[in-house]
Structure formats: C-alpha cells, structure tokens
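This report refers to the structure that appears directly beneath it.
The values are calculated or read from the model by the stated rules, or taken from the named source; none is laboratory data. Quantities reported herein were computed from a predicted structural model and do not represent experimental measurements. Cβ placement follows ideal geometry from the backbone for every residue including glycine, while neighbour counts extend to all protein chains displayed.
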Amino acid sequence: MFLKSLEIRGFKSFADKTELKFKQGVTAVVGPNGSGKSNISDAVRWVLGEQSVKVLRGGKMEDVIFAGTQFRKPVGLAQVSLTLDNSDEKLATEYNEVVVSRRIFRSGESEYLINNSKCRLKDVINLFMDTGIGKEGYSLIGQGKIEAILSGKPEDRRNLLEEAAGIVKFKNRKEEAEKKLSNTDENLVRINDILSTYEERIEPLRIEREKALEFTDLSNNLKKKEVSLIVHTIDKMEEELKGFNEDLNLKIKEIEDKRKEASSYKSQLKELEMKIEKLEKKNLEEKEKYYSLKETVSEDEKSIELYKERIKSFEEKINRNNYELDDILVKVNQLNENKKLLENELSERLKEQRLREEDIVSLEENNIKSSKELKSIDEEIKSLREGEFELLRSNSDMKNEITMLNKDLSLREEKKETLNSSISFLENNIVINLATYKDLTNEIEKNKGNIKLLNMQIVEHKKKIGSLSANLTKKENELRELSGTLTKLDANRSMLENLEKHYEGYNRSVKSLMELIHRERITAANDTKVLGEIFTVGKKYEVAIEIALGAAISNVITKNEEIAKVLIGYLKKNSLGRATFLPLNIIKGKKLELDRSITEANGYIGIASDIISYDKEYKNIMDYSLGRTIICSDMDCALNIARIGKYNYRIVTLDGEIINPGGALTGGSIKGKNSNVLGRKREIEELVLDISNKKEKYEELKILVQDIKKEIQNLDEDMLNKRDEVHEKNIELTKKESEIKGLQSDTDKLKRNLETAKEEIKRIAGEREAILEKIRAKESEVQVIESENTANKSKSIELEQLMKIKVQEVNDSDTKLTEMKISKAKLDEAIENKKNEFLRIEKEIKDLEIKNELLNNENEENKKNIESLNLDIKAKNKNIEENNINISNLEVNFKDDEILKEKLKQEFKEKDNVISGILDEVSLKEMEVNKREVIKAKKENDREHVYKKLNEELELTYAEALDKCEPVVDEEALKQEIFVTKGKITKLGVVNLAAIEEYEEIKEKYEFMSTQAEDLENAKRELNAVIEEMTNEMKSLFKENFKILNYNFDKTFKDLFKGGSAELILGEGDELTANIDINVEPPGKKLQNINLMSGGEKVLSAIALLFAILKMKPTPFCILDEIEAALDDANVYRYAEFLKMFSQNTQFIIITHRKGTMEVSDIIYGVTMEEKGVSKVVSVDFSDS
C-alpha cells in the first residue's frame, strides 16, 4: 500500500483544484516561507479526521476554507481527497484503489466519503486502524511538533507507542467484548421460554418411535441373515486361495534367500573396496609426508645461507661504529675550547648595556616636562573653540527658525490653494455618488435572480445524484452477487474437473490404475480408458444408464488382451485390488432383438446401448455392457413389458428401479459411489458455458458501474462549482449592499467636509500675519551673535602659533630618544645571540656523549647476535641429517604398499564372478513364480463373481457384509430363521417411520436450546476470559514490542549521534497504564533527562525515536513537516541518509528548506505564490533520470 495522489480544492491557500501525484521513495515539498507548504500536511491530517482546529492552525473549522485575497473572491467549500493503492489488500476493503475524501461548506455542513460513497468518521478511523496512518499516528509529524514526541504529555506519548506496538485493535475488541456481555442475560430469558414448549411434545413421539425402531431392527436382522449366507460362500473360496498362496509364498521365499546370499557377497566386495581405498589413502598421506620432508630440508639449507649473510652484516656494522666513536671524541674537544672564548665576550657586552640604559632614563624625564606645558596650551585653545562652536550653534538655530517660519508661511499659502480645489472636487463627488447608487441597486436585483437559478440547479443535481447513487448501490450489489456466483461456479467447475481427472466415483483399483497410467508410471497403456468416460448420455437417462451399468461403469477398456494382462499383473504386484478389463479386439457384444409387442408397449424407450452416444470403435463394448438392458419410463410400464417378455429381460426405469430376468425387483432410494459419474461431464460443460455468460454480464455490469460513478462524480463536481458560484454571488451581493451604505455615508461626509474647508480658509488668513512678525525679531538677534564670534577667533590664532614652537622641541627630543633605544636594542640582541650560542654548544656536547654511549651498546648487541646465529646454523645442520634418514624409509614403504594393492584387486574380481552365478539362478525361479500367479488370478476371478452379486443385489461391500454377518453353522436352519423374521414384520402392522426422525428432531431442538442456554452461560465466562486474555495479550505484545523499540531506539540514537545511548523507561505498575519516561545520553555527556537538552539534540533524539518506530513497524507513508529545521548541516545529512534507507519500506513526503534533505529526494514539488495568497505547485521527477 502507498499514497498515489492528493487532491486539494479550496483548502487554505490552495484556491484552485491542485493534484499532487506521489511515487515510492522520497518526495520533497519545498518553497519559501508562507508559500503554503505546511498546508499540504494539514490537508492530509484534515482528511484523516482531525477535529482540533488548533492543530490545523485556525480559530474555527470554517477557517480551512480559502478566504480570498485582494484580487480573488473567497470560495464556498474546501475538499481534500487522498488516493491510496491497496493492491496488497492491507486495508480491509475489496477495492484495489481507495479514495478517502472530506469536504466542508461555509454553511457548516461537513461530510466524509470513501470511494465517493458517504460514510462516518468512524469508518475512516476503522479503515486505517493499526496501519500507523491517522491523525494521531506516527505517519504525520507536523511543523514544530517533532519535540512533542518526547516532551509532550505522557498520555500522548503512550498513545503513539501503543499505536507502534500494535495493541490499538485489541483495545477496541476488548470494548466490543464488554458490550456483548450486556446482551447475554436477555438471550437467556428468551431461551428458557422456548424450552418449556418442547417438553410437552416429546413423550407421545417417544412411544411411536419405539414401535418404528422395532420394525427397523427386524428389517436389519433379516438383511443380516441374508448377508451371512453370501459371506459363508465367499469364505469357502478364500480358504482354497489361502493354500495356493502359501505354496506361492514358499517359492518367493526361496528367491529372497538367494538374493540375501548375493547381498552377503556384495558386502564382502564392499569391504575389499574399503581396504583398497584405505591403502591408497595411506599411500597418499606417506607421499605428502615425503614431499614435506624434502621441502623442509631445502628450507633449512636456505636458512643456513641467510644466517651467514646476517653474521657478515653485523661484523660490518661493528667496524662502522668504531670509526664513528673516534670522530665524536675529536668534536667534543673542539666544542669545549669555543665555549671558553664565548664566556669572555659575553661579559664585555653586559657592561656596555648598563651605561646606555642610564642615558635613556635622563632623556625621558625631560620629555615628560615639555609634554605638560603643551597640554596646558592645548586646553586653553579647546576652551576658545568650544565658545566659538556655541556661538555658531546659536546663530544656526536662529537661522533655522527663520527658515521654518518662512516654510510655514508657504504651507499656509499652499493649503489655501488646496482647500479651494477641494471645495470644487467635493461638489463633483456628491453628484457622482448619486448616479452610482442608482447603478448598484440595479446590479443587486440581477444577482438575486442568478442566485435563485443556481440554487434550483443544485437541487436538481442533488436529486440526480440521489437517484444515481441508489442505482449504483443496486448495481454494485448485483456486481458483488455476480462475483460471488462466479467464484462458486468456478470452484464447482474446478472440483468437478478435479474429480474427473482423478477418476472419483470409480472403484479404488480402477482409480489408482488410471492415475498411474496418466502419470506414465505404466508404459504401453496410453490408450486405456474407463467405460464411464467413452460415451455421453442425456440428462434424462443418466440415472437409468448408471443403474443399468452398476459396478461395470468402472470396467477398463484396453486395445488388446496383452495390455489387459500387463495391467492385471501390475494390480496384483502392487496389491491395488481387482478390476474388470474389456479388450477391444476380443470383446463381442450381443444386442437384444425384441418383438414389436415390446417395442410398441406403453413406456418403452429403447435398448440402453441405443440411447447413448459413443464412437463406432466402442460398439462391441457398449453392446456387451448395455445391449441386453431395456430402458422404460416407470415401474408400471416396466412390469407390463416384463410380463409381455415373460420375465426374460433386464429392465431399468428412468428412476433406477430394476426388473431382473426371472422376476426379481430392485428399487428404493439411490445410494452409491457411481450415482453422479455420468452427469459430471455434462455438468462441467454446462458450468463452463454458464461461467462464460456470467463473465460477459459481469464485465458489462462493471463498465456500467464505472459509468454511473463517473456521472455521479461529474454531477458532484458541477454541483460544487455551482455552490462556489452561489457563494461568490452572495459575497458580491453583500459587497454591493455594503457599497450602497458606503455611498450614502460618503455623500454625507462630503457635505460635512465642504463646510469645514470654507471655515479653514478664513482661519489661515489670520495665522499669516503672526508668522511675518516673528521672522523680523529673529533676524536682529543673528547680527549680535556674529560680532562676538569674530573676537574669539583672533585670540585662538595667537595660541596656536606658540603651541607649534613647543611641539617642534618635543619632537627633536623624541627622535634622539628613539635612536638611543634602537642602539640599545641591537646590543640586547647581540647579548641574547651569544647566550643562545653558549647553550647550543653545551647541548651539542651532551648529544655527542649520548651518541657515544649508544654506539658502544649497539656493538655489544651485534656481537651477541653473531653468537646466536652460529648456534642456529649447527641446529639446522642436525635437522637436515635426521630428515634425510626419514625420506629413505618412506621410499621403501611405497614399494611394499603397491604389492599389497594388487593382491586385493585379484580377490575382488573372484567374488564378483560368484555373485553373477547366484543372480542367474534367481531369474529362473522368478519365471516359475509368474506361472503360478496366472493360475491364482483365475481362482480370484471366480471369487469376484460372488462379490459382484453382493455389491449389486444387496448394495454392500464385502467389508460392510462382514460387519453385518454371523457365522453359519447350518444353512437350512438359517433359511428357516429368515422366514420367521418376515412373519414378525407383518404382525407389526402400520408403522410411522417418520416418528423416529420427528422425535429426534424435537429432541435435538430441545437439547439444542438447552445447549444454547448452557452456551450462553459459558459465553459469559468465555467473554470474561477473552477480556482477560486480550488484556494479557496486550500486555505481552506491548512488553515484547516495547523491548524491540527500546533496542531500535538505542541503536538509531547511536547511529544518528555517532555514539551515546538512549533508553525508554517503563514505570512501575500495569504495563498498559504506567508512565513511559525517556532518558538519553549524547556522546561525551552524562545521563540526563530529555528536557535538559538543547533544541537540536531534542529534535535529533525525537527523530531517532521516530526511525526506531518505523524500523519496528513501517507505516505505508510518512509525512514530515520541517522536522529537521533545528539541525545543523552535518546532522541534516545523517537524517537524509536514514530517510533514503527507510524509503525501501516506507513512502516519505517531506516538507523542507534544507539542501541535504532535498538531495536524497526522488521527486521535488515546489510550492510558490505567483499570485499573492494563492499556492501553486510545480514538480521535478529525478527517479527516471
């Protein structure tokens, strides 16, 4: 199951009909802030039954309907449709595609639909139960809600984990079981009333039943004695066969003994083979050892050469180290001399450094004194400049005030001109408003008429949809019934074909034989058939022909007697029973030749072989089997024809009654294994034709249903459009009425503004004179400020000249001080260099001393290695000598083994010749046994004739007869008992055999009702047990899945955080109500509660839990709205990798801004707002590239 598409119309910012198609994998929805991306997630949540307006980011449910923009009108309804592929039948519905829709109108009406049929919210919830899909499931994680998985309310967290653990369905079943308990007591009361009525009828029926049972017992006793006579005869024949079989078995035993003797010799041959094989294996192991020793000797010789080379290398190293030790001694002496010279030079430089430091201190004190004098002059100049700045500021303020007053004067003049223009404009607007008012009144009346017409059309559409829906329901019911009928017919056809294929209805021997022939387990018998399958007969004559044939319907037809002989031998050899064979080349059929008095008699139909159809090659077979049987319409006609024919013919009626030659009658109810063999082929053909006709009707009906659905959808779409249009016209009408009120208000306002403008012109003239007087006073103040500023500027120039002289003196002193400091710095650097050189020499002397010690140690180590290698060379030489001795011994063993192997092969050949002689003797004895089996078959054929009489006349098998018969001591006495039993039956008179069944029926009903009462009591106990069991099952399942989820959470957390640990903690008490806490430990941090983590850590932990749930129980699709917004780039890429990995089992629709998430997407939908306030989508599919 996966999400195929989402259709949004009038929902939030999606004003136009918008369809988003999805594929398996990851689909990303991207776009700028405020473009409407999250409205896609809200649409899915809403269509799945979300009732909380707060979750949908609104104030009331009508807020989800597109409210219009500056350039667009609002719409009257919102509709969202979710299309799911259900080809895997995960949803409990027969449809392969499921469309779930929800719509809401501004009037407040709301409805849910499944495949365009109205339904309840409960139906939608039940449809998605236990799939992870739903408004409360983990398939929808909304914007900013990812943290709520961890830090939300405990009950919300438990609901999420219970959905993941798969116990929600058990909760619902538990509630249903509790409701059933309330109905049980009511049913008990009703059953007790029914029981009292049955108790009154049982006793009278019991008396009649006893009389009927006595009659039945006598009848059964009579049949039992008749059967005993036949069984007695069969047993005599069986005794004769038994003696013959014992002699035959003795011969077979002799053959078996010879075969055992041959088997003994074969065992000896096997032992010889094992000895030869063991000898060859030993030879192979010794050769492996031989070559291994050779290789060891070669390796030891190479090792000796290698050791000699290493000794030479160590001696060269010792010589090199001795030369280097001499060189180190010379270097150390030279470095000690340089060290003494450097100490003397360093002492002279330190004295010079102290003298220069004293000169620098004296010069710095003089510079400080000069700086203080400069500072005093500078402060006086600053004071004069501040005074000058204050005068300039005052002057500027005065001039600014004059400018502002001039501007104010200009504004007054402009305002006066504007007011004059406004007076003219207001007078014109009042005239225009009066004309517009008249036009708007006419438009309102026109709109009201259009709205009325549209409402009438909507009512008509509703009527049509109602009529079509009723018709659709009717046709869908017909379609389901037809589908069920087709399934039943097809199952019936398959069953009949299977019965035909496996020869059901024929006797066991024939059934087994024909199946083996068809599986080609018996060769040269491919054209063998059963009598029942070579002809066809009309439905009217099926019963008559089957009764006429009786057990002969299972007769086997072969090409010739040789094939029949082979098949009889196979049956005998494999103990498969007996069969009658009809070879085509030797069977001669004889057909009755009837007098006209019989053929023209009332009810005569014909000879049985004439009323069936078959190929000409089977004519003799059919005449043999049915050519001596007459078929007539009923028992009366049959008796009449029998009298005419002097009871010389076998006559069968259409109902299956038989008049045998001599006058014996056979009839009653028809029971037997062959009762439907002939009708089976006809039924298969009829079923094939019926299925074909019904399939055509099914396809026609299916197309009609699709057409009706399409018409309903078109009418519904048109009705929604018209409702939108009505809503738009109502809005337009409201706007026009508002405009009229606005015009009236605007006209009144214009009149008031006209009066106000005229008064304002008078006020402006008075204000103009006051402004001119202020300007003249400000200009005189400006002249006084400018004269004071000129005097301050002269004094400031004199002080600046004096300051320049002092600054030059200080600069000369600073230059001299800088030169002295540079000179001292050079001296300091030279002293530091000498100190470093002194330290370097000391370090170099120390390093050479360490190297000297190391070289001495290395020489000692090399001498020890040389001694060790010399010892190894001696040991290797000793090994080579020992291995060469072993090699010589193995070469001698090889020659001895070859001689022994030749002796064993000669003995093997002699024993093989003895076995061949024994097998030839066995072959001769088997030929003798085959001859005796032919004689045995003849005796068994005689016995079969007696069995046939038992089967056809008494309708019993031998096994059934043995159950009924008794040992016969005196045949004449047994015949007398049969006569007496018949007399007793006559004395009973009228017997109501129906009383047996009626009594049993009433008794059964009474017992049934008693059982029902008991069952209801048991049901109460069982329901309580079921509730308890479901509670235990919920606990067990929750506990088991909680453990799996905990493991997955820890693993996923470690994968996302690259370490750390996470744990779900189930509180104490009942597993189904206990609190669930979450503790996590990011890498490098101590164990802490989730609420103490940073925002990014919380989000990543919540994502880890989400993926852990999906790993345990994948949901068909999952919508994630910007859940990775708080993550840094590195964690976004880890999150994206998990998305790609989990997309194999779950379809992801992700709303995102992040580049890393977009990169793993197979399809990207971009959401834009080309038109302000209206969302549009564009798509890019990467899955095909």
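So the values come out like this:
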quantity	calculated
Residue match in the range 1119-1131 (condition: more than 28 Å from Leu82 (Cα to Cα) and touching an Asp or Glu at 6+ places or on another chain (Cβ under 8 Å))	yes
Among the residues listed as Lys351, Lys281, the single one being in a helix (DSSP H, G or I), of a type in the set (Lys, Arg) and either within 30 Å of Glu832 (Cβ to Cβ) or modelled with pLDDT under 75 (or both)	Lys351
The range 197-212, residues that are surrounded by 15 or more Cβ atoms within 10 Å (Cβ to Cβ) and aliphatic (A, V, I, L, M)	Leu205, Ala212
Selection within the range 575-616 - surrounded by fewer than 14 Cβ atoms within 10 Å (Cβ to Cβ), touching a helix residue (DSSP H, G or I) at 6+ places or on another chain (Cβ under 7 Å) and of a type in the set (Ser, Thr, Tyr)	Ser597
Hits in the range 240-287 - residues which are small (Gly, Ala, Ser) and closer than 15 Å to Glu907 by Cβ	Ser267
Verdict on Asp828 being surrounded by 12 or more Cβ atoms within 10 Å (Cβ to Cβ), more than 30 Å from Gln353 (Cβ to Cβ) and among the acidic types (Asp, Glu)	no
Selected residue (only one of Met1158, Met1112 is in contact (Cβ under 8 Å) with a residue 24 or more places away in the chain, in the same structural domain as Asn33 (by TED's automatic domain parsing) and surrounded by 15 or more Cβ atoms within 10 Å (Cβ to Cβ))	Met1158
Among the residues listed as Glu849, Glu842, Glu819, the single one being over 30 Å from Asn322 (Cβ atoms) and among the charged types (D, E, K, R)	Glu819
Which listed residue, of Thr69, Thr83, is farther than 21 Å from Glu1122 by Cβ and either crowded, with 16+ Cβ neighbours inside 10 Å or among the basic types (Lys, Arg) (or both)	Thr83
Criterion: within 21 Å of Glu163 (Cβ to Cβ), in a helix (DSSP H, G or I) and of a type outside the set (A, V, I, L, M, F, W, C) - qualifying residue of Lys1020, Lys1043	Lys1043
Failed item, numbered, when Val1174 is tested on (1) of a type in the set (A, V, I, L, M); (2) under 25 Å from the mean Cα position of the chain (by Cα); (3) assigned by TED's automatic domain parsing to the domain that holds Gln70; (4) farther than 17 Å from Lys21 by Cβ	(2)
Where Lys793 falls short, out of the listed (1) of a type outside the set (Ser, Thr, Tyr); (2) modelled with pLDDT of 70 or more; (3) surrounded by 10 or more Cβ atoms within 10 Å (Cβ to Cβ)	(2)
Condition check for Asn1032: of a type in the set (S, T, N, Q), exposed (fewer than 13 other Cβ atoms within 10 Å of the Cβ) and either out of contact with any strand residue (DSSP E or B) (no Cβ under 8 Å at 6 or more places or on another chain) or within 30 Å of Asn192 (Cα to Cα) (or both)	yes
